[in-house]
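Student: Got a structure for you, questions after.
Bear in mind that the values in this text are calculations on the coordinates, not laboratory data. All of these numbers come straight from a predicted model, not from anything done at the bench. Neighbour counts run over all protein chains shown; Cβ positions are idealised from the backbone, glycine included.
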Amino acid sequence: MRNASILVLVASLAACGGGEPQTKEADLRTMDVQEALPAEAPPPPALASEPPAGQPGGGTPIAAVLPRIAYTYGYAFRLDAPAIARVQEQHLRLCEGLGPARCRILNMERSSSEGEVATASLKLQVAAPIARPFGERLAAAAGEAGGETVDRSIAAEDLSRQLVDAEARIRTREVLIRRLTQLLETRSGNIAQAVEAERAITAAQEELEAARAWLAEMRTRVAMSTFEIRYASG
């Protein structure tokens, strides 16, 4: 409904400028503010062994699009109660030693041990290219303290489509804001139309900022893998 209202507003503002060329008004009336799919990436060059396009057996090469995956690694360690705090601190130091660009601490919890029962948890973000070797270092540190790895898991989520949609939404909102702003500056109209145009620009700007935040969050999830670590005794 918001997009339909904006289209009506654009058409009404365009109609106020009777002296403008008809082609511009036609462009404005048919402006689509729905999310558009991005243009396809140019196809890669054909391999030397492939026949050129247009010749028998030839064809247009299909561009390969790499999926953008967000990984979540799960680790569960069983240790003696007194060793839990020590191993958790060692894992924290491993993360801090990589620096904030490659490892970030999201959450840490530790229960006070009563007798031989103790639990703890740790949540980290680790740069995706070093996630697997980092996990091995976590397990090695627990093993050196006499613990064992009782559970390991890897969950993958393909965010390729969501990223494409967010990028397309950002482009359409940027185009919409530019066109509404140009109409507001170049077209004559009554005060009510001007106020409605400013409201439409504000709404589109809010949607643009939300799409940018969503895109940034998903890009971070792809670039930084999540580690969920649990510690338990007994």
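Student: What residues qualify as long-range amide H neighbours of Ser233, i.e. H under 5 Å apart, gap of 5 or more or another chain, H built at 1.01 Å from N?
Tutor: Here Leu79, Ala118 satisfy the definition.
Student: Continuing with this model, one more query. Using θ = phi - 60° and the Karplus curve 6.51 cos²θ - 1.76 cosθ + 1.60, what whole-Hz ³J(HN,Hα) does each residue of the stretch 77-92 get, with Gly and Pro shown as x?
Tutor: 10, 10, 9, 5, 3, x, 8, 4, 4, 5, 5, 4, 5, 5, 5, 4
Student: So, by mean Cβ neighbours within 10 angstrom, what's the order for 190-198, 204-212 with the highest one leading?
Tutor: On the way: 190-198: 13.3, 204-212: 16.7.
Going by the mean number of other Cβ atoms within 10 Å, highest first, we get 204-212, 190-198.
Student: Note down the relative contact order for the stretch 77-175 as a percent, whole number, built from C-alpha pairs under 8 angstrom at least six residues apart. Show your work: numbers first, answer last.
Tutor: Numbers: 90 pairs, mean separation 31.4, N = 99.
Dividing the mean separation by the residue count of the stretch 77-175 yields 32 percent.
Student: With θ set to phi - 60° and the Karplus curve 6.51 cos²θ - 1.76 cosθ + 1.60, what are the ³J(HN,Hα) couplings of the stretch 156-161 in order, to the nearest whole Hz, using x for Gly and Pro?
Tutor: Ordered by residue, 3J(HN,Hα) equals 10, 10, 7, 9, 4, 5 Hz.
Student: A further question on this structure: Within the P(r) computed for the stretch 87-194, what percentage of the Cα pairs occupies the region above 23 Å? Before the final figure, lay out each step's value.
Tutor: Working: 3223 of 5778 pairs.
That tail contains 56 percent of the Cα-Cα pairs.
Student: What ³J(HN,Hα) values, in whole Hz, does the Karplus curve 6.51 cos²θ - 1.76 cosθ + 1.60 give for the stretch 165-175 when θ = phi - 60°, with x put for Gly and Pro?
Tutor: Calculated HN-Hα couplings, in order: 4, 5, 5, 5, 4, 4, 5, 5, 5, 5, 5 Hz.
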